[in-house]
Amino acid sequence: MMKFICAPDSFKESMTAVEAATSMARGIRDVLPGVEVDLCPISDGGEGFAVAVAASLNAKRMTTRVTGPLGERCEVGWLFAAEMQDHPATAVIEMAAASGLELLAGDQRDPTKTTTYGTGELIAAALDQGARRIVLGIGGSATNDFGCGAAQALGARFLDQQGHPLPEPVTGGHLERIEHIELSKLHEKINGVEMAVACDVKNPLTGCEGAARVYAAQKGATHQQVLQLDRGLRHMAQRVRQQLGQDIEHQPGAGAAGGMGGGAMVFFNAALKPGIDLVLETVRFGDRVKGCRLCLTGEGKLDGQSLSGKACLGVAKAAKQRGVATYALVGAVGDEVERALQAGLAGYRVIGPGIPERESIRRGPELLRNATARLMRELRICCGGN
């Protein structure tokens, strides 16, 4: 039986990735009613990536009461997929759900006072549930604590110059006070788990391109606080070198999410991976695309910036490696869009050409379904053509 795979990202303000994949599948079946269509919604690792992954893994939504970025208690959702023959028990966690900037009002944002403790509590819940692999998205954080709060929630202790434990939860403002890192009582299951972190930024931990100087102001820090936070991260890098024998200060991605990228490497032995690569790996896209007649992807806008780790190009590259052509159906195109064809796409189509943007957004599912059907006819797939 002829098989197709639909692997779109979300269309901002119009459709989720799941809705987009469903519309594509309907468009295919409008032309080819009897074919097999694999719905594989994906994400570039940013906001909403957990939902996209859940649809492909048949994951169950879990809720855990954790510590929010300012210490408040809140119910937070995460995803758990039980072990199957072809993948281990997997948890999918979005840092933003527990430690995100959007959880705070504008006047509450202060990365000297925020913590990743709640993210650590989610990781602990996943371990207790039996996860053997944890996929962590770290976009949208409100924090700049090097992941110390998360490590603390999993049993790490941070001691000051007098040997006294720092209070829980540790925040970005505490980093300069940490003189000793004690990891002997980390969660007993953490060493047996593979942790992969979706990370698309290349910022080092400290300096002009580091976590604090580039991102802390966006999280509410004043100029003086930015300098304080950078000093704190530099101090932690020194403590890690001296006490744990790891030098991560200048590693690409260590500065992601206020240093959570570096902290995850140090405390949890995590691997940082480009978001789209991690998502495709997690949903087993490589296996699923094999033998497909065609791969369809899509997102709100395709342009030259799509080459920088965006979903459509990641899908096209992975499919091409397995001999499957990929077409993108998109809401709009921008500058240098033709570069996307050079990067692996077989072609692209705008789903509502000539239609005003707001109307196109409102009618997204309908337009995407119709555009998919037109593409099927145009490619003469129904007649066995190319």
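Before moving on, here are some points about what is shown:
- Overall, the ratio between the Cα radius of gyration of segment 1-130 and 2.2 N^0.38 Å, rounded to two decimals, is 1.29.
- Pairs of Cα atoms nearer than 8 Å and 6+ residues apart set the relative contact order; for the chain it is 18 percent.
- Hydrodynamic radius of segment 49-276 per Kirkwood, over alpha carbon pairs, in Å: 17.1 Å
- Virtual paramagnetic centre 7 Å along Cα→Cβ of residue 12, amide N under 16 Å, in segment 196-218: none
- Calculated P(r) tail over 14 Å for segment 150-193, as whole % of Cα pairs: 46 percent
- FRET efficiency estimate (nearest 0.05) - Cβ-Cβ, residue 107 to residue 378, R0 56 angstrom: 0.55
- Dipole axis of the chain (+1 Lys, Arg; -1 Asp, Glu on Cβ), positive-most option in 364, 95, 59: 364
- Ranking of 87, 223 by neighbouring Cβ atoms within 10 Å, starting from the fewest: 223, 87.
- Annotation: the residues 312, 295, 74, sorted from fewest to most other C-beta atoms within 10 Å of their own C-beta, follow the order 74, 295, 312.
- Positive dipole terminus of the chain, leading residue within 191, 330, 173 (C-beta point charges): 330
- Inter-part distance, segment 3-17 to segment 308-338, computed on C-alpha centroids, equals 12 Å.
- Working from Cα pairs under 8 Å separated by at least six residues, relative contact order for segment 49-276 is 19 percent.
- Taking each residue as 0.36 nm, the span from residue 188 to residue 339 lengthens on full extension beyond its C-alpha to C-alpha distance by 49.5 nm.
- Alpha-carbon centroids, segment 108-154 and segment 206-277: separation in whole Å: 14 Å
- Cα extents for segment 287-375 along the principal axes, largest to smallest and rounded to whole angstrom: 37, 27, 16.
- Under a model in which nothing but the beta-carbon of Lys, Arg (+1) and Asp, Glu (-1) is charged, the chain shows a dipole of about 1000 debye around its Cα centre.
- Cα centre as origin, Lys/Arg/Asp/Glu Cβ charges: segment 49-276 dipole, Debye: 80 debye
- Residue order, fewest to most beta carbons within 10 Å, for 114, 119, 222: 222, 114, 119
Quick note: the coordinates plus some simple rules give every number you see, no bench work behind them. A quick note: this is a predicted structure, and the numbers were derived from the prediction, not measured. Glycine gets a Cβ as well: all are built from the backbone with ideal geometry, and neighbour counts include every protein chain shown.
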